[in-house]
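Contents: one structure, followed by commentary.
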Amino acid sequence: MNKAGLYHHCGDQWCYALDNDTLHIRLKTAADDIDSVDLVHGDPFEWGKIDGKQVWRSNIQPMTKAGTNGVHDFWEIRITPPYKRLKYWFLVHANGETCEFGEKGLVSPPDRWNTWNTFIFPYIQPAEIFHAPEWIADTVWYQIFPERYHNPDAASGTEKNTTARTGKTLEWQHGPVTNKEFYGGNLRGITAKLDHIASLGCNGIYLTPIFESPSVHKYDTADYLKIDPAFGTEDDLRELVAECHKRGIRIILDAVFNHAGTHFAPWQDVLEHGEASRYRNWFVINGFPLFGTDPATGKARTDDGDSHQANFHTFAFTTGMPKLNTRNPEVKDYLLKVATHYIRECDIDGWRLDVANEVDHAFWRAFRAAVKGVKPDAYIVGEIWHHSIDWLRGDQYDAIMNYHFGQAITNFLTANREIPDGRALAERMTTLELSYPLPVIRAGFNLLDSHDTERLLHTLKDDVSLARQAWLLLALLPGSPCFYYGSEYGIRGGHDPDCRRCMPWDDPESQEEGQLDFLTSIIALRKENAVLVNRGSREWLYDSSQPDLFGVRISAHRDTEAANGRAGIAPGAPKRITVLFNRGTGTVRAGQFDADPAFAAIPAKSWAISVR
């Protein structure tokens with residue numbers, strides 16, 4: 001037995017309250033090392049006599065192997081403690097040896113009546129259970145970069161590389177773009193295209209920032225309480241939200257509370273008054289002069305756009321994005337006012353939060369309390385690109401932008417060294433799914449590309465067949481999928497800013513043939529089977545002898561049944577979805593996974609699917 005491979009602690013994804021009555025417990029062991037695991041459990045205060053001896057009353061139940069990532073195996077069990085509290089430890093069996101594993105470590109031989117080498121879950125506290133809005137499970141998102149989505153007015157002007165907003169807009173075009181070009185997309189333009197979005201089947205919209213800012217992207221906010229005039233007015237936002245809600249579409253806005261922009265009034269005051277500014281503590285300033293001192297002359301440096309030598313903190317090293325001091329009560333109150341204002345006044349349905357991992361946890365706890373206090377079912381999404389359990393314990397975010405799923409998919413489809421074959425992808429998906437509690441996974445915000453990444457088709461070297469495999473798999477992941485605007489037309493584009501091209505509304509030559517129908521069909525598949533996809537059990541499929549083959553089987557189980565007011569799979573609806581993908585240039589055989597004839601031979605760069 002590889003004793004160093006065992007891991008558990010009472011918290012996070014390892015032991016948590018799945019609901020008001022149920023604990024979900026997991027154990028990690030070395031891969032292919034353990035034969036079986038039993039959980040010994042009972043109430044901490046339940047004692048009695050057995051054979052004349054006073055002992056802790058406990059039960060033994062076998063755990064189930066939940067999956068493997070090639071390095072570790074994962075075991076799980078659900079327990080319903082009658083008094084909401086639990087004492088437990090593990091009986092681990094391997095090669096004829098049985099060990100006791102508890103909080104104090106591994107002991108052999110085990111003591112069946114062990115009471116001290118245990119883990120304790122003190123009590124299922126309803127206030128500490130992770131709850132995300134119920135509507136997320138049925139939501140398919142559509143992300144919009146407003147400036148490039150739709151200009152409902154006649155375009156004017158022809159000059160390129162406009163460095164500031166001049167009132168003129170460039171002629172709408174469908175080629176590469178820069179961050180210095182304005183094409184006139186606005187809120188009214190989005191409202192005019194809501195029927196298009198609804199026809200795709202999308203019922204959630206995520207807008208990148210719309211607040212006043214001199215830039216195209218608006219991540220350098222000048223005034224958080226004013227809609228950028230190029231995008232419209234607060235009345236335009238209210239109309240957009242109202243029209244969304246008429247169509248059953250939710251809408252969330254994007255805010256940057258980590259940093260502001262150069263034109264933010266408090267920062268302008270600091271630039272003007274220096275140490276004497278009443279706003280100096282609104283930012284993270286180490287000293288003055290702000291831009292440092294030139295060692296050669298001893299004089300104050302001027303702003304060269306690079307904050308390496310500056311005396312204040314910024315986003316990345318961009319002096320035009322000074323970091324906000326969210327520990328300052330005035331800053332905190334101002335930002336919470338912003339967060340609640342647009343919910344109260346415009347009825348938005350939540351927030352996506354930029355650079356969310358660089359803001360203190362105390363602020364996010366206050367943010368959640370303020371937002372949920374106004375709209376309890378608002379959705380809060382943080383932009384975090386790494387493992388994020390510290391923000392997903394139910395007191396801060398409902399989700400993070402789950403780039404990890406998308407990166408795993410594209411790495412497989414490109415035969416990247418990280419994920420060279422189907423087995424590696426199955427192992428990565430298992431790792432990702434088991435890195436968080438189930439409710440967190442089911443509330444996830446999943447995406448393949450965005451305004452911060454190259455377009456999917458660029459990543460896959462314009463291979464539409466492979467891209468469609470990625471989009472289909474995205475639709476079948478637990479959580480809510482997000483499709484970047486223009487995916488329905490197959491927009492191309494490299495890294496930021498080229499991923500922010502204008503939407504090719506009236507240019508058939510810029511629209512990938514059949515893509516609109518394809519995307520609409522997979523969104524329909526997702527929505528028609530939302531309960532199964534989001535709450536079903538998931539088995540990742542691969543064949544080590546066929547590295548280009550990968551698949552997933554989603555099956556109904558107890559979580560897909562109606563319970564506690566929660567809808568289940570409708571009578572007569574499918575209870576299993578199986579899909580196998582072939583990324584390669586030759587035929588693969590997948591009949592061993594499903595008897596459907598379609599799986600017998602899957603052509604190059606294609607897939608087979610069974611829904612029954």
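Structure notes:
- Pick from segment 542-554, criterion out of contact with any Gly (no Cβ under 6 Å at 6 or more places or on another chain) and in a strand (DSSP E or B), ranking: surrounded by the most Cβ atoms within 10 Å (Cβ to Cβ): Gly551
- Residue match in segment 252-270 (condition: more than 22 Å from Asp333 (Cα to Cα) and either in contact with a Cys (Cβ under 7 Å, 6 or more places away or on another chain) or hydrophobic (A, V, I, L, M, F, W, C) (or both)): no
To keep it simple, each residue is scored yes or no on (1) buried (at least 22 other Cβ atoms within 10 Å of the Cβ); (2) of a type in the set (Asp, Glu); (3) free of Cβ contacts under 8 Å to residues at least 12 places away in the same chain.
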residue: Pro329; (1), (2), (3): no, no, yes
residue: Asp333; (1), (2), (3): no, yes, yes
residue: His341; (1), (2), (3): no, no, no
residue: Arg344; (1), (2), (3): no, no, no
residue: Asp349; (1), (2), (3): yes, yes, no
residue: Asn357; (1), (2), (3): no, no, no
residue: Ala369; (1), (2), (3): no, no, yes
residue: Lys375; (1), (2), (3): no, no, no
residue: Ile380; (1), (2), (3): yes, no, no
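- Qualifying positions in segment 362-381 - of a type in the set (Phe, Trp, Tyr) and not in a strand (DSSP E or B): Phe363, Trp364, Phe367
- Within segment 486-536, the residues that satisfy the criterion of being farther than 26 Å from Ile400 by Cα and part of a loop (DSSP other than H, G, I, E, B) are Cys502, Met503, Pro504, Trp505, Asp506, Asp507, Gln511, Glu512, Glu513, Gly514.
- Subset tally (residues that are buried (at least 21 other Cβ atoms within 10 Å of the Cβ) and of a type outside the set (A, V, I, L, M, F, W, C)) for segment 225-252: 2
- Of the residues Ala94, Ala155, the single one that is of a type in the set (Gly, Ala, Ser) and either under 30 Å from Arg365 (Cα atoms) or modelled with pLDDT of 95 or more (or both) is Ala94.
- Of the residues making up segment 15-30, those that are of a type outside the set (A, V, I, L, M) and under 14 Å from Asp73 (Cα atoms) are Arg26, Lys28, Thr29.
- Qualifying residues in segment 39-67 (those that are crowded, with 19+ Cβ neighbours inside 10 Å and over 17 Å from Thr115 (Cβ atoms)) - the one modelled with the lowest pLDDT: Gly67
- Residue check, Ala563 free of Cβ contacts under 8 Å to residues at least 40 places away in the same chain and under 25 Å from Gly444 (Cα atoms): yes
- Scoring Glu539 on the criteria (1) within 30 Å of Asp594 (Cα to Cα); (2) among the charged types (D, E, K, R); (3) in a helix (DSSP H, G or I) leaves a single failure, condition (3).
- Exactly one residue among Asp73, Asp33 is of a type outside the set (Ser, Thr, Tyr), under 25 Å from the mean Cα position of the chain (by Cα) and not assigned by TED's automatic domain parsing to the domain that holds Gly422, and that residue is Asp73.
- Residue in segment 163-176 that is crowded, with 21+ Cβ neighbours inside 10 Å and either under 30 Å from Ala137 (Cα atoms) or aliphatic (A, V, I, L, M) (or both) present: no
- Pairs are defined by a Cβ separation below 6 Å, a sequence spacing of at least 6 or placement on different chains, a first member in segment 270-297 that is within 16 Å of His259 (Cα to Cα), and a second member that is small (Gly, Ala, Ser); the pairs so defined are Val270/Ser277.
The values are calculated or read from the model by the stated rules, or taken from the named source; none is laboratory data. Treat the numbers as computed from the prediction; the structure is a model and nothing was measured. Please note: Cβ atoms are built from the backbone with ideal geometry, for glycine as well, and neighbour counts cover all protein chains shown.
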